[in-house]
Amino acid sequence: MPNNLLLGKEQLFSRRQLLKLGICGAGVAGTAALWHTLNAQSKSIVKVPPLAIAATSQTTNPMQMLRNFDYGVVKQENGRTVREFQLTAGTSVIQLNSAVSYNVWDLNGRIPGPTLRAKQGERVRILFLNKAGHSHSLHFHGVHPAEMDGIRPVSNGSAAIYEFDAEPYGVHLYHCHIAPVTRHIAKGLYGMFIIDPPTPRPPADEMVLVMAGYDVNDDSHNEYYAFNGLPHHFMDNPIPIYQNQLIRLYVLNIIEYDPAVTFHLHANFFDVYRSGMTMTPSEKTDVITMGVAERHILEFAFRYPGKYMFHPHQDAIAENGCMGQFEVIADKSSQPPRKTS
Ligand SMILES: [Cu+2]
């Protein structure tokens, strides 16, 4: 078990260090490669409409982040699959609307941070480099030893390595855990961490929706809210999906300052897989309450073409940016999925 080793950035990202860590090697083999192949095959039978990604800042591009998963670099070490990720904290300015810009902390130049994805039982290694000006850290939800808990500050210009086994499967998250934690999270240092189950879930059009808030005047209240980083983006740019296609939403509520929000889907009901930690749904509903850091898998298919909204049912939160819509495209050849009929 390596320590939570603090390294200078030159050391961490020098070729020698990368070689030592094995990043430069190829080494993708065995079950991990097979898992990728099977994933690719199952995705090929999922109907995903062509996506027009609107030009926004690199830091906040909700549509691009929607179906974007970071599988890291896979290799074999001592007979085990190790999945390595690199996360760099930085600073940037985002444009919340035509009049309001906001200074944020980002991870790999984006808010939310990358959606990291591993398979249960793999070894996960995260190389964290802090270039964001203040001390930060990465705390992962899941099961791991105390020294990997990510509460130790990583000073500006320094790096740390977090390493642990990916368990249990589910929809988890990671975030900075440096005080005041509320502020460090609200300024952008968070992302989703998906651990896939040993037996893959059925093929679906998979998407990530992260609900977050922005306190732009430092009064400990949010003035703006967003899905995937940018207020109102999915209202102005509806998410295209196909009629009768199974949709799998990975939804995270990381809205600080508000104790809880709901997630509501118009004209439909969804199956709930609480924390993504079951293979069978626990309930079917059209509105679910989510406390801070709660996250679930929600599955549904739309029977009828058209535009359908989704948003927290606290309307003030929705009206201040946490609101979007699906555009269901007619597909006469499709049949309703068995589970939503
Ligand atoms: Cu921080």
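Numbers below:
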{"item": "Scan of the stretch 42-72 for residues that are open to solvent by 60 Å² or more (accessible area, probe 1.4 Å) and in contact with an Asp or Glu (Cβ under 8 Å, 6 or more places away or on another chain), ordered by number", "result": "Lys47, Val48"}
{"item": "Residue count for the stretch 269-280, restricted to those that are among the aliphatic types (A, V, I, L, M) and open to solvent by 10 Å² or more (accessible area, probe 1.4 Å)", "result": "2"}
{"item": "Selected residue (criterion: nearest to the ligand (Cβ to nearest atom)) from residues of the stretch 76-98 that are of a type in the set (Gly, Ala, Ser) and at pLDDT 95 or above", "result": "Ala89"}
{"item": "Subset tally (residues that are surrounded by fewer than 17 Cβ atoms within 10 Å (Cβ to Cβ) and β-branched (Val, Ile, Thr)) for the stretch 150-168", "result": "1"}
{"item": "Top-ranked residue of the stretch 156-166 - restricted to ones that are in a loop (DSSP other than H, G, I, E, B) and more than 17 Å from the chain's Cα centre (by Cα), ranked as farthest from His139 (Cα to Cα)", "result": "Gly157"}
{"item": "Residues (charged (D, E, K, R), under 24 Å from the mean Cα position of the chain (by Cα) and part of a strand (DSSP E or B)) located in the stretch 286-341", "result": "Arg295, Glu299, Glu327"}
{"item": "Filter result for His266 (out of contact with any strand residue (DSSP E or B) (no Cβ under 6 Å at 6 or more places or on another chain), open to solvent by 40 Å² or more (accessible area, probe 1.4 Å) and at pLDDT 95 or above)", "result": "no"}
{"item": "Among (1) in a strand (DSSP E or B); (2) within 16 Å of the ligand (Cβ to nearest atom); (3) within 30 Å of Pro200 (Cβ to Cβ) - the single one Pro112 does not satisfy", "result": "(1)"}
{"item": "Pair list, Cβ under 8 Å, 6 or more apart: the stretch 316-341 residue modelled with pLDDT of 95 or more and open to solvent by less than 20 Å² (accessible area, probe 1.4 Å), other residue assigned to a loop (DSSP other than H, G, I, E, B) and hydroxyl-bearing (Ser, Thr, Tyr)", "result": "Val328/Tyr304"}
{"item": "In the stretch 223-245, the residues that are open to solvent by 20 Å² or more (accessible area, probe 1.4 Å), farther than 23 Å from Glu299 by Cα and touching a Gly at 6+ places or on another chain (Cβ under 6 Å)", "result": "Tyr224"}
{"item": "Residue in the stretch 134-149 that is within 18 Å of Glu84 (Cα to Cα), open to solvent by less than 10 Å² (accessible area, probe 1.4 Å), touching a residue at least 40 places away in the same chain (Cβ under 8 Å) and in a strand (DSSP E or B) present", "result": "yes"}
{"item": "Qualifying residues in the stretch 246-263 (those that are open to solvent by less than 10 Å² (accessible area, probe 1.4 Å) and not in a strand (DSSP E or B)) - the one farthest from Asp196 (Cα to Cα)", "result": "Ile255"}
{"item": "Count - residues of the stretch 237-257 that are out of contact with any Asp or Glu (no Cβ under 8 Å at 6 or more places or on another chain) and among the polar types (S, T, N, Q)", "result": "1"}
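The values are calculated or read from the model by the stated rules, or taken from the named source; none is laboratory data. Note that the structure is predicted; figures quoted are calculated from it, not measured. Backbone-built Cβ (ideal geometry, glycine too); neighbour counts: all protein chains shown. Areas reflect the complete protein model, heavy atoms only, side chains present, ligands, DNA and RNA absent. Shrake-Rupley method; radii C 1.70, N 1.55, O 1.52, S 1.80 Å.
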